[in-house]
Each structure stands twice: as C-alpha cells, then as structure tokens.
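Report on the structure given below.
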Amino acid sequence: MYYKLAEDSGTGVFPVTFTEYLPEQSPDPWWKSAVRDFRRVNPDEIPSIYKDGYLFEVPFVDTSVYMPWLLSRFKQLGGTIHQKELFSLEETSADLVVNCSGLGARFLANDLEVYPVRGQGVRVKAKNSGGCFLDQHSDLSLCYVFPRTNDMILGGTAQEHHYQFDPDPATTEEILRKVKIMDPSLEIEKVIDTVVGLRPARFEVRLEVDKNTPLPVIHNYGHGGAGFTLSWGCAEDVVNLAKSLKKVKSQ
Ligand SMILES: Cc1cc2nc3c(=O)[nH]c(=O)nc-3n(C[C@H](O)[C@H](O)[C@H](O)COP(=O)(O)OP(=O)(O)OC[C@H]3O[C@@H](n4cnc5c(N)ncnc54)[C@H](O)[C@@H]3O)c2cc1C
C-alpha cells in the first residue's frame, strides 16, 4: 500500500534509500524480498565502526504530512470526528466500537500486557547525503537519521516501561553525538526541538472481537514500534471482522 501511496506526492509518503548498518557480518534479513533494490553496502560506504550493512529502497512515511492527508481522506469519505475521553468502552451508543486506544487499553480494556516503549528524538534542520540511516544492533543503537519534507528526525531511544514525556537533555546530547558517528555526512544547521513519544508495545498485537462486552468491540492495539507499518493490513483485518459480525447479526 505504501509503495502505491508513494506515487502521489500529496500523501507525505515518498521513496527513500535506506541504509541499515551492522556491527558484524550478517545473513540477509527475512524481509529482503519485501523491499526494492536490496543490496549489501560496499566496504567504502561503511563508517569504520561497522562491518556490514544493507541498502534498499522503501516508502518513507513523513507523519507530519501523512496524518493530515489521512484525516482529510477520512473526512472526504464521510467520516466525522468527535473527541472525548472515555472511561469505559460501553460509554458509547455506537453499533460497533473499534478500540484503537494504544496504551489507553491498559485502562479501557483492562489489559496490563500493553506497556510503553519511550522514544526520544531530536528534530533538526540539517543536510546529509540524502538517505535514511539506521543502526539497531551496535553499541550506538538505537540510532537513526530520517530526513523528512521540512525537517529531519534524529534518534533515538527505546526505553521499556518508561512513561516520562519530558525530554531528557542528556539523551538529546547523546543522540546528537551518536548520529554524527553513524552518518559522518550529516551537517546539523539548527536544533528545532526534542520530541518524545510512547510506543504502545505488547507481546503481540491484539486484533480480535471481544466476546465479553455487551456492545460489539473489535480491539486493534499494541503495535509497538510498527504502528504505521502494520496499519493498512490491520485495518483490513478489522473491516473483515466487522463484516463477519454484521453477517452473524443479520442471520
Ligand atoms: C518514537 C516513536 C517511533 C516510532 N517509529 C515507528 C516506525 O519506525 N514505524 C512505524 O510503523 N511506527 C512507528 N511509530 C508508531 C508507533 O509504532 C505506534 O505503533 C503507533 O503510534 C500506535 O498508533 P495507535 O493509533 O495504535 O496508538 P496511539 O497513537 O497511541 O493512539 C491512541 C489514541 O487513543 C487515545 N486514547 C487512549 N485512551 C483513551 C481514552 N480512554 N479515551 C479516549 N481516547 C483515548 C489516545 O489519546 C490516542 O489518540 C513510532 C512511534 C514512536 C512514539
């Protein structure tokens, strides 16, 4: 789906050359066939701290453009938005509830298996060689450089069970130090701000009909650090479950 969205410049999805560096020689990843133009990084393309790496083309989701685009598409198709804090899933008069409350499912679905994985990043104005860079295996990990339409996101952290929304200045300094080692071509012109988000992690995504609620509820939460990646596939599964519920009701 994202490859298709990348064909339309208004969506905020665009193709990027993505480089993942590795501290050791490693076999091809299982997802190799899902990306385009996969190849090994040449020895002269690797910073000296790494021993291996791969390079491939993938669609990149610039969420600062994609989320407003998604919202306008939802409204164009007749969707309406009502914002309200819910204290129970039964509080609504809807025919069907799709529970996408992320970390909120700890409370709304009484599911203590969902927990936060805190991510801190730094938003900057910068120039690099043009691509995305990631290291999720060496001592520098987690380290990434993601150029977007109007800024660049440098990261990062993956701190399990941390709820702290305030940015930690020492972590910001550490991120700025690490990204320069990973991507020596990086020229930071200006730090814009520091961003913090909590990924709603779970041992597996919960996507199922809840059989214990008076109202029909389909849960769809716990996507960890892959919520955008999984979103279209999960949405399709939710629609199929909703159709099967409708069928049962009309029988
Ligand atoms: C640092 C960071 C890096 C990420 N990197 C990636 C990545 O590389 N690839 C990728 O695919 N994804 C990435 N993500 C996305 C992430 O993986 C999540 O999976 C995704 O944001 C989860 O989306 P969600 O809609 O399920 O939950 P959320 O975005 O948490 O949305 C849940 C919503 O439910 C609302 N809610 C909760 N409780 C209640 C209540 N009681 N009443 C009313 N509303 C309620 C909340 O206000 C919120 O709006 C990243 C996220 C972070 C923070």
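FYI, it's all coordinate maths here, none of it is from the lab. Because the structure is predicted, anything quoted here is derived from the model rather than measured. Cβ coordinates were reconstructed from backbone atoms using ideal geometry, including for glycine residues, and neighbour counts include every protein chain displayed.
The fraction of all Cα pairs in region 92-148 landing in successive 5 Å bins from 0 to the largest distance is 4, 13, 14, 14, 11, 11, 13, 9, 7, 3, 1, given as whole percents. Taking Gly79, Gly222, Gly102 as the candidate residues, the one with maximal mean-square fluctuation in a Gaussian network model of the chain, Cα springs under 10 Å, is Gly79. Considering helices alone, the calculated mean residue ellipticity of the chain at 222 nm is -7500 deg cm²/dmol, with DSSP H runs of length four and up weighted by -39500 (n - 2.57) and normalised per residue.
Ordering Pro23, Phe107, Leu77 by Cα displacement along the dipole of the chain toward the positive end leaves Leu77 in first place; charges were set at the Cβ atoms of Lys, Arg (+1) and Asp, Glu (-1). Fewest-first ordering of Lys51, Lys249 by other beta carbons within 10 Å of each residue's beta carbon gives Lys249, Lys51. Counting neighbouring beta carbons within 10 Å and listing from fewest to most, the residues Tyr2, Tyr21, Tyr163, Tyr50 come out as Tyr163, Tyr2, Tyr50, Tyr21. Eigen-decomposition of the gyration tensor built on the alpha-carbon atoms of region 203-251 gives equivalent ellipsoid semi-axes of 23, 13, 6 angstrom, largest listed first. Among the listed pairs Lys84/Lys247; Lys4/Lys32; Lys75/Lys190; Lys32/Lys243; Lys211/Lys243; Lys32/Lys180, a Cα-Cα separation exceeding 24 Å is found for Lys84/Lys247; Lys75/Lys190; Lys32/Lys243; Lys32/Lys180. An ellipsoid equivalent to region 152-229, defined through the eigenvalues of its Cα gyration tensor, has semi-axes of 36, 13, 11 Å when rounded to whole angstrom and sorted largest first. Of the residues Trp69, Trp31, Trp232, the one with the fewest other Cβ atoms within 10 Å heads the list, and the complete ranking is Trp31, Trp232, Trp69.
Computed from point charges on the beta carbon alone (+1 for Lys and Arg, -1 for Asp and Glu), the dipole magnitude for the chain about its Cα centre is near 720 Debye.
Annotation: aspartates and glutamates with alpha-carbon distance below 19 angstrom to Lys51 (same-chain offsets under eight excluded): Glu20, Glu24, Asp28, Asp135, Asp139, Asp183. At a temperature of 25 °C and a viscosity of 0.890 mPa s, determine how fast region 113-183 diffuses translationally according to Stokes-Einstein, using the Kirkwood radius over alpha-carbon pairs as Rh; express D in µm²/s, rounded to the nearest whole number. For the chosen part, D equals 193 µm²/s.
Using the Kyte-Doolittle scale, find the helices of the chain whose mean hydropathy is at least 0.0 and whose Cα atoms extend 27 Å or more along the helix's long axis, counting only whole DSSP H runs. Display every interim value, and only then the final one.
Working: long enough: 227-250 (34 Å, 0.08).
Both cut-offs are met by 227-250.
When the alpha carbon gyration tensor of the chain is reduced to an equivalent ellipsoid, the three semi-axes, largest first, read 36, 21, 18 Å.
Along each principal axis, taking the top coordinate minus the bottom one, the Cα set of region 1-43 gives 39, 19, 14 Å in descending order.
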